[in-house]
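**Q** Let me give you the structure first, and then I'll get to my questions.
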Amino acid sequence: MTTLALALAYAGFTGLCLAMERHHEQVFGTRRVPPMRGSLFRGAGWLLLVISLLVSVLGAGPVLGILLWAGLLTAAALLLALLLAFTPRAAAAVALSPFPVALLLML
Amino acid sequence: MKTGFRQSMAWLHTWSGLLAGWILFAVFLTGTASYFRPEITAWMRSEAYRAGPPTPSAQPMVDALARMAPGGFTLLLPDGRETLGNAYWRESGAGRRGFREAILDPATGELVAGRETRGGEFFFRLHFQLHYMSPLWGRWIVSFCAMMMLVAIISGIVTHKRIFADFFTFRPRKGQRSWIDAHAAVATLALPYHAMITFTGLVTLMLMLMPWGMQVAYPGDPRGFSNEVFGRAAAGRPSGRPAPLVPVDPLLAEASRIWGGAPAGRIAVSHPGDAAARVEVLRGPEGRLSNQRDAVIFDGVTGALIAREGMTSGAAATHGTMYGLHLGRFAGPVLRALFFLSALAGTAMVGTGLVLWAVKERQAAAKAGRIGFGLGLVEVLNLATIAGLPAAMAAFLCLNRLLPAGLAGRADWEVNGFFMVWGTLLLHAALRLGGRRGWVEQFALAGLLGLGLPVLNALTSPWHLGVTLPAGEWRLAGLDLIVAALGALLGGAAILLARRQDLPARKVRKMAHGAAPAVPPTMRHGQAAE
């Protein structure tokens, strides 16, 4: 559950970050973010962060879950900022990690 | 004077951060290590380590302590992290000097013969009361710096006007730009943690910092205050009639049942063997944030439940929760790892802030053509703190393995050795003023000590990685692995710095020729961060 919450937090932050011109350029090569794509990224980003909170709270209870989520947000954002600086495309690719993690959890 | 709100906040941020920075770095780093206080202690006294799950019965230890401390004692019960029983008591009639401690084997109740060491307690105490001075002075100094930290956090948020636009931004290999990015990233990405830990840290010392309310309501009677606030009844007097102490394990089970299954953390027995004996069972950190006192009191002869103490008022509960949050003892392995990561980010925040000041001043100095005393002092202190302290901490762990077990005052010599290494590195920093060489050398030393620690451990202890990893003894293996990883990081920094030796020279030359510097040196933090 914790791994899934972490993967979701990372994906959520990646969504928010790809809606920003500077990071959109790093990953897609064009500075201008198409308006539809921008809203999509931003919306999906916030949604994923909320789901990550829900997963944390479901896994660890309301009190520890919120603390856990705050810690996971920090970890995810630090990782994203670091990857983005050195390998932006890989940073974006890692955002797909919730899928394999969720699959593993279902097995 | 400074014009505008943001500029004055930038000024405040720069100076509150710089002046308290070196102590704050030490407070952050030793505090970070203190998340693993029991593990560090276990590692440093590994010959006494007991593998496996904690023994279910506290009876052997209580029996042994009743003989050693007839006046009463407190026993910290072993749990998932601490495998031994730690007890303390006050020898009757001996006043302040009568404080006694003992470490017991949970299975037999016998005293554990391990080397004399402060263990993780040293970092923990250093974290909030420094060393070589009265603890009270140390606490005031640390509190003052913590207040500066709070000021720096808030003024830093005001100063950094592009928090969201720069949220994920780190631009490496761009000189001062990179330092600003790194400083802002480790600060904002772990901001909830930094604010929480600084504020709750001040709360832990609040009765020392702001005692006035207490003094007015309880004049001359601080004990009366704490008894009432923390719900503690005064201990009774012995009756003089002997009576056997009730078996304690059923009492522990009963208390745990009252707490809905949460285990007891400690047990305090007063007057064992007397008809007036009392047994207090105190709840452990598991399953709640708060470290507020929550005790179940039993009659020490009949075992009858007398009262449940603690859990008094909303204010006490708030205090307990903040205190508990600061200590983080409730955190399981994952949450603890996340706290540790955020705390490292906090350490990096202070460190990058200190370096940033020096980098900016150095550009100004390069333009002016001379290095002032202030910049020199900051650079020496930066080097001795940021690279020197981790090296000294690693040396402290190495000394634990190298000092002979029978040395008189051994625990003190570990500590003295730590400060000797640190002091030497300060001297070294002063001798290497103004170049990269000092940084390369001290980072390399820290890296060698960190990476060498598991090797040294393998040569001197039965519990080395070759044993602990296959056996899954993470309580001990964790220290070897974390210290080695941090050592690799610092060693890597040394190698990177050594390789880029030529870079600053080129930059300084470029600036001397009048090419536009990245940021005009007259600009202060706020403007530069835009």
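The values are calculated or read from the model by the stated rules, or taken from the named source; none is laboratory data. For clarity, every value in this text was computed on a predicted model and none was experimentally measured. Backbone-built Cβ (ideal geometry, glycine too); neighbour counts: all protein chains shown.
**Q** In region A:49-65, what count of residues is obtained for those that are part of a helix (DSSP H, G or I) and over 15 Å from A:LEU4 (Cα atoms)?
**A** Count: 3.
**Q** Mind listing whichever residues of region B:98-134 are among the basic types (Lys, Arg) and either at pLDDT 95 or above or over 30 Å from B:MET420 (Cβ atoms) (or both)? So that I can check it myself, show each step before the final result.
**A** Pass one, region B:98-134, residues among the basic types (Lys, Arg): B:100, B:115, B:118, B:125.
Hit for region B:98-134 is B:ARG125, nothing else.
**Q** Exactly one of these conditions fails for B:ALA358: (1) under 24 Å from B:SER155 (Cβ atoms); (2) without any contact (Cβ under 8 Å) to a residue 40 or more places away in the chain; (3) at the interface with chain A (Cβ under 10 Å from one of its Cβ atoms). Give me its number.
**A** B:ALA358 satisfies every listed condition except (3).
**Q** Then there's this: Of the conditions (1) crowded, with 20+ Cβ neighbours inside 10 Å; (2) within 13 Å of another protein chain (Cβ to nearest Cβ), A:VAL55 fails just one. Which one is it?
**A** (2)
**Q** How many residues does region B:152-200 contain that are of a type in the set (Ser, Thr, Tyr) and in contact with an Asp or Glu (Cβ under 9 Å, 6 or more places away or on another chain)? Reasoning before the result, please.
**A** Going residue by residue through region B:152-200, those that are of a type in the set (Ser, Thr, Tyr) are B:155, B:159, B:169, B:178, B:188, B:193, B:198, B:200.
Cutting the leftovers down to in contact with an Asp or Glu (Cβ under 9 Å, 6 or more places away or on another chain) gives us B:169, B:188.
Going through region B:152-200 one residue at a time, the tally reaches 2.
**Q** Considering only region B:262-286, state which residues are closer than 30 Å to A:ALA60 by Cα, in a loop (DSSP other than H, G, I, E, B) and among the hydrophobic types (A, V, I, L, M, F, W, C).
**A** B:ALA262
**Q** Of all the residues that make up region A:1-48, how many are in a helix (DSSP H, G or I), within 11 Å of chain B (Cβ to nearest Cβ), aliphatic (A, V, I, L, M) and under 22 Å from A:LEU64 (Cβ atoms)?
**A** So the answer is 2.
**Q** Yes or no: B:ALA48 over 30 Å from B:TYR193 (Cα atoms) and either at pLDDT below 95 or of a type in the set (A, V, I, L, M) (or both)?
**A** So B:ALA48 passes the test.
**Q** Let me ask something else. Could you look through region B:250-305, keep only residues that are within 14 Å of chain A (Cβ to nearest Cβ) and among the aliphatic types (A, V, I, L, M), and pick out the one that is nearest to B:GLY80 (Cα to Cα)?
**A** B:ALA262
**Q** Could you check how many residues of region B:165-202 are within 11 Å of chain A (Cβ to nearest Cβ) and among the β-branched types (Val, Ile, Thr)?
**A** Selection size over region B:165-202: 3.
**Q** Let me ask something else about it. Could you say whether any residue in region B:347-355 is out of contact with any strand residue (DSSP E or B) (no Cβ under 9 Å at 6 or more places or on another chain), at positive phi and not polar (S, T, N, Q)?
**A** Within region B:347-355, not a single residue is out of contact with any strand residue (DSSP E or B) (no Cβ under 9 Å at 6 or more places or on another chain), at positive phi and not polar (S, T, N, Q).
**Q** Just name the residue that is nearest to the other protein chains (Cβ to nearest Cβ) out of those in region B:151-164 that are assigned to a helix (DSSP H, G or I) and free of Cβ contacts under 8 Å to residues at least 40 places away in the same chain.
**A** Going through the qualifying residues, I end up with B:ILE157.
**Q** Any chance you could count how many residues in region B:357-408 are more than 22 Å from B:HIS183 (Cα to Cα), out of contact with any helix residue (DSSP H, G or I) (no Cβ under 9 Å at 6 or more places or on another chain) and not aromatic (Phe, Trp, Tyr)?
**A** Result for region B:357-408: 4.
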